[in-house]
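Below is one structure, written out as structure tokens, with a few remarks after it.
The values are calculated or read from the model by the stated rules, or taken from the named source; none is laboratory data. The structure displayed is predicted, hence computed values, not measured ones. Cβ coordinates were reconstructed from backbone atoms using ideal geometry, including for glycine residues, and neighbour counts include every protein chain displayed.
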Amino acid sequence: MKAVVYDRYGAPDVLRLEEVERPVPVEDEVLMKIHASTVNRLDVHTREANVKSGAVVSLLSRLVSGVRRPRQRILGSEFAGEVAAVGPAVTGFAVGDHVFGNTGLAFGTHAEFMCMKESARIAQMPAGASFEEAAAITDGALNALWCLRVADLRKGQTIVVYGASGAIGTAGVQLAKYFGADVTAVCNTKNLELVRSLGADSVIDYTKDDFTKNGQTYDVIFDAVGKHSFKRSKGSLKPRGIYLATDGFRNLFLALWTSRFGQKKVMFQLPPRYAKKDILFLKELVEAGKYRAVIDRCYQLEDVVEAARYVETQQKTGNVVLTINGGRAR
Ligand SMILES: NC(=O)c1ccc[n+]([C@@H]2O[C@H](COP(=O)([O-])OP(=O)(O)OC[C@H]3O[C@@H](n4cnc5c(N)ncnc54)[C@H](OP(=O)(O)O)[C@@H]3O)[C@@H](O)[C@H]2O)c1
């Protein structure tokens with residue numbers, strides 16, 4: 001089968017298409033013919049061993065992914081596809097089922113086929129979704145769900161989603177709305193209409209206005225793109241307000257510090273924990289029309305280097321999809 005592999009950390013051109021052995025499902029494993037995946041920020045950070053975040057984070061990244069070279073040669077964590085074979089102990093899936101899910105740090109989805117345990121984060125695809133749509137559901141949503149749960153976001157609370165046009169941001173706006181919060185979304189001019197269509201109660205164009213200067217205070221400020229800071233947000237938080245981080249080593253220390261001192265808290269819990277039930281929850285939300293994956297561009301698997309370069313610009317809107325084995329199906 002064809003897969004995109006890499007043998008050393010570095011820029012997008014370390015990725016190359018290679019013929020590799022097709023996996024065989026054993027026991028409780030499901031073999032999937034993958035029809036779509038995504039290139040996301042987890043792929044980018046892992047491929048470059050997080051060098052842009054400094055030496056300490058880069059070392060931690062290598063301890064997870066392989067010190068000298070990547071242990072897992074195939075990146076990609078999101079997938080949608082079709083069950084091609086099942087191991088003898090599999091009871092919940094059958095050949096031909098359309099499935100989607102997320103492999104997380106196990107990666108392996110930038111390939112024509114992949115095996116995973118049926119108890120892992122895999123579920124039947126939401127009814128009516130294409131493979132491309134289903135593949136883009138999980139990354140931003142699992143990240144956002146984890147953060148909003150950590151903050152215990154509740155009905156009637158006010159939240160700012162800063163960086164509302166990214167993978168986590170577009171998911172954050174929709175999920176915060178689902179939890180009953182009043183959502184202020186902050187993004188660039190070109191994405192104002194999009195984030196409004198995702199359910200934001202108010203939108204702020206960060207190129208024209210600074211939400212920290214509008215005199216309002218909020219229960220939660222969700223920095224969904226890692227470009228804001230607790231320092232800049234503090235004055236806009238209510239007395240027991242929470243700054244929710246998605247990135248930045250310093251936020252780990254601030255989370256520790258504010259857990260003991262001061263009323264306003266920084267929350268940044270690593271590693272995030274995602275469960276199979278979260279995938280099932282997202283499937284229900286999609287089917288109920290309460291969640292949709294925002295797709296910016298679709299690339300063919302062969303064009304993964306170009307896709308990775310685009311994701312690295314940090315300017316994608318929502319998600320970037322890779323079409324594999326022809327994609328499609330609705
Ligand atoms: N997704 C993951 O798997 C993952 C994993 C680990 C960590 N993270 C971290 O989580 C954060 C968000 O990830 P993501 O995948 O959601 O990011 P993303 O999709 O790459 O975010 C891109 C979006 O952010 C907006 N943006 C860029 N600069 C901005 C700024 N200064 N103010 C407001 N918006 C800005 C861009 O729109 P404009 O340029 O038009 O403003 C674009 O729509 C990142 O810090 C990432 O490192 C993500």
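The C-beta contact set for the stretch 236-262 (first residue part of a strand (DSSP E or B), second residue polar (S, T, N, Q), distance under 6 angstrom, 6+ apart or interchain) comprises Lys238/Thr217; Pro239/Gln263; Arg240/Gln263; Tyr243/Ser233; Ala245/Asn251.
Could you please find all residues in the stretch 187-203 being touching a strand residue (DSSP E or B) at 6+ places or on another chain (Cβ under 6 Å) and part of a helix (DSSP H, G or I)? Write out each step before concluding.
Keep residues of the stretch 187-203 that are touching a strand residue (DSSP E or B) at 6+ places or on another chain (Cβ under 6 Å), which gives 189, 192, 195-196, 200-203.
Thr189, Leu192, Val195, Arg196 - these are the residues of the stretch 187-203 that are touching a strand residue (DSSP E or B) at 6+ places or on another chain (Cβ under 6 Å) and part of a helix (DSSP H, G or I).
Checking each residue in the stretch 160-178 for being more than 13 Å from Val203 (Cα to Cα) and either more than 10 Å from the ligand (Cβ to nearest atom) or basic (Lys, Arg) (or both) picks out Gln174, Leu175, Ala176, Lys177, Tyr178.
Among Val5, Val57, Val67, which is the only one that is closer than 23 Å to Asn143 by Cβ and among the aliphatic types (A, V, I, L, M)?
On the way: Val5 fails: closer than 23 Å to Asn143 by Cβ; Val67 fails: closer than 23 Å to Asn143 by Cβ.
Every option except Val57 fails the conditions.
Restricting attention to the stretch 194-216, the residues that are over 24 Å from the mean Cα position of the chain (by Cα) and surrounded by 13 or more Cβ atoms within 10 Å (Cβ to Cβ) add up to 3. Candidates in the stretch 280-330 are the residues that are aliphatic (A, V, I, L, M) and part of a strand (DSSP E or B); of these, the one that is farthest from the ligand (Cβ to nearest atom) is Leu322. The sole residue among Ala106, Ala85, Ala111 that is of a type in the set (A, V, I, L, M), in contact with a Pro (Cβ under 6 Å, 6 or more places away or on another chain), closer than 17 Å to Arg22 by Cα and modelled with pLDDT of 95 or more is Ala85. Filtered by the rule that a residue be in contact with a helix residue (DSSP H, G or I) (Cβ under 9 Å, 6 or more places away or on another chain) and polar (S, T, N, Q), the stretch 49-99 gives Asn50, Ser53, Ser58, Ser61, Ser65, Gln72, Ser77.
Could you check the stretch 5-40 and list, in sequence order, the residues that are among the hydrophobic types (A, V, I, L, M, F, W, C), free of Cβ contacts under 8 Å to residues at least 40 places away in the same chain and either part of a loop (DSSP other than H, G, I, E, B) or within 18 Å of Val99 (Cβ to Cβ) (or both)?
Across the stretch 5-40, the qualifying residue is only Ala11.
Within the stretch 166-186, does at least one residue satisfy the condition of being modelled with pLDDT under 95 and assigned to a loop (DSSP other than H, G, I, E, B)? Checking the stretch 166-186: not a single residue is modelled with pLDDT under 95 and assigned to a loop (DSSP other than H, G, I, E, B).
Restricting the first member to the stretch 209-227 and to residues that are outside the structural domain of Gly166 (by TED's automatic domain parsing), and the second to residues that are within 12 Å of the ligand (Cβ to nearest atom) and modelled with pLDDT of 95 or more, no beta-carbon pair is closer than 7 Å while six or more apart or on different chains. Here Ser236 fulfils each of the conditions (1) buried (at least 18 other Cβ atoms within 10 Å of the Cβ); (2) at pLDDT below 95; (3) polar (S, T, N, Q) apart from (2).
Just one of Ala55, Ala36 is more than 30 Å from Val90 (Cα to Cα) and among the aliphatic types (A, V, I, L, M); which is it?
Details: Ala36 fails: more than 30 Å from Val90 (Cα to Cα).
When all the criteria are applied, what remains is Ala55.
One residue is enough: does the stretch 107-128 have a residue meeting the conditions in the same structural domain as Leu75 (by TED's automatic domain parsing), under 21 Å from the mean Cα position of the chain (by Cα) and assigned to a helix (DSSP H, G or I)? No, the conditions are met nowhere in the stretch 107-128.
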